[in-house]
1. With Ala252, Ala257 as the choices, which residue is hydrophobic (A, V, I, L, M, F, W, C), crowded, with 18+ Cβ neighbours inside 10 Å and out of contact with any strand residue (DSSP E or B) (no Cβ under 6 Å at 6 or more places or on another chain)?
2. Looking at Met320, Met355, can you tell me which residue is surrounded by 15 or more Cβ atoms within 10 Å (Cβ to Cβ), at pLDDT 85 or above and under 24 Å from Pro201 (Cα atoms)?
3. Take the stretch 366-388 and flag every residue that is touching a strand residue (DSSP E or B) at 6+ places or on another chain (Cβ under 9 Å), modelled with pLDDT of 80 or more and either more than 18 Å from Glu179 (Cα to Cα) or of a type in the set (D, E, K, R) (or both).
4. So which residues in the stretch 252-263 are of a type in the set (Gly, Ala, Ser) and under 23 Å from Asn322 (Cβ atoms), if there are any at all?
5. Quick one: would you say Asp308 is at pLDDT below 90 and charged (D, E, K, R)?
6. Does Gly250 satisfy the condition of being out of contact with any helix residue (DSSP H, G or I) (no Cβ under 7 Å at 6 or more places or on another chain), modelled with pLDDT of 90 or more and of a type in the set (Gly, Ala, Ser)?
7. Confirm whether Ser169 is part of a strand (DSSP E or B), of a type in the set (Ser, Thr, Tyr) and farther than 30 Å from Ile366 by Cα.
8. Search the stretch 84-108 for residues being small (Gly, Ala, Ser) and under 13 Å from Val121 (Cβ atoms), and hand back the single one that is surrounded by the most Cβ atoms within 10 Å (Cβ to Cβ).
Amino acid sequence: MTSSSVPQVTAMRGNRIPARCFPGGLLWLSLFLLVCSPAWSQELGPAAPEREVDSTDTQKAAPATPQQKAPPQDAGQIRGQVVDQTGVNITGAVVKLTRDGDSASQEVMTDEDGKFYFFNVLPGPFRLVFSSPGLEPREISGTLDSAETIVTPLVELSIATQVTEVRVSMTQEEVATAEIKEQEKQRVFGIIPNFYVSYSPNAAPLKPRHKFELAWKSSIDPFTFVAVAAVAGFAQAGDHWSGYGQGMQGYAKRFGATYGDVAIGTFIGGAILPTVLKQDPRYFYKGTGSKKSRILYALGSSVICKGDNGHWQPNYSSVMGNLAAGGIANLYYPSSDRNSAGVIFGTALIRMGEMAVANVFQEFVIPKLTPNLPTRSPSLQQEDPPKF
């Protein structure tokens, strides 16, 4: 057999190799070794037929790990968009998803378009909480059905409202005005004016206009005229100020003198001197402590008063007011009834005694007979009253 008659050799995968590429003896030796060698036959043997592997085979061949488990078929999605009150998308807003009965929660942040997404959400009630720095949080809730995709309505976050606490406080003058209005309602039996008593232990100091207002209201009160008329009647019945005579003319003079005493004493001792000396003309109800201490306090208040600075001091206004009223009264009393200086001082002392007795009544009796007294708060504290 000549080299020209050597048949064509079929190699692997159908590629034809010309025999002339090998010398004659070497060709047969190569074929022998190729067929007889187990390793070569295994390596160069025909390839196994290929086939496509579908997903079913893959799942059967290699079970999925927990991370590779497919989501439940009934899981759904929740998505939406968050904007501010001007309609601009909010990037980086935190959206928190919680589900009823599940302590765990999920959080995502909105993207540059303000959108958020929650995937693989189990069906059931849910709640979404939206928050962003400087904006008011917002919350929406709903129920996700099986395999449902919910698109929330456009979520708008507004600028957080700043709560500013403004405390409006009254000035001391305004407080004093309000307290005076309350004092002007104080009437024994609902009739007799009792304006010069304060039931507030820390009453605001009076301004000059308050002192003159009290004096004016007290002087023109209808009951004042009734009381003056009664005193003038008793004076005429006892022929006091005999120089005035009797009859209507005598009664009119007695009425005028009595009213003059009341008005002058009220304005001098309750308004003019307290304004000049910066003293408070009111009696400050104590209402606490032993009966003895309250009696001593009431008696002492005829010669001791509270200054506009809140401190206790000698009641110059009352003492000097009584003396001044007595001296002025001598200008219109009948000449036969005008008092000497000694009598004027004696009369002033008598009036101070009357004031002391009146203060005792103010402390123990008058409050029980005066309806609608201002409420006294035991928590209100002021400088301790003077000790006697």
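The values are calculated or read from the model by the stated rules, or taken from the named source; none is laboratory data. This one's a predicted model, so the numbers in the text were calculated from it and none came from an experiment. Quick reminder, even Gly has a Cβ in these numbers, built from the backbone with ideal geometry, and neighbours come from all protein chains shown.
1. Ala257
2. Details: Met320 fails: under 24 Å from Pro201 (Cα atoms).
After applying the criteria, what remains is Met355.
3. Ile366, Leu369
4. Residues satisfying the conditions are Gly256, Ala257, Gly260, Ala263.
5. Judged against the criteria, Asp308 is not a match.
6. no
7. Considered against the rule, which asks whether it is part of a strand (DSSP E or B), of a type in the set (Ser, Thr, Tyr) and farther than 30 Å from Ile366 by Cα, Ser169 comes out as no.
8. The qualifying residue surrounded by the most Cβ atoms within 10 Å (Cβ to Cβ) is Ser105.
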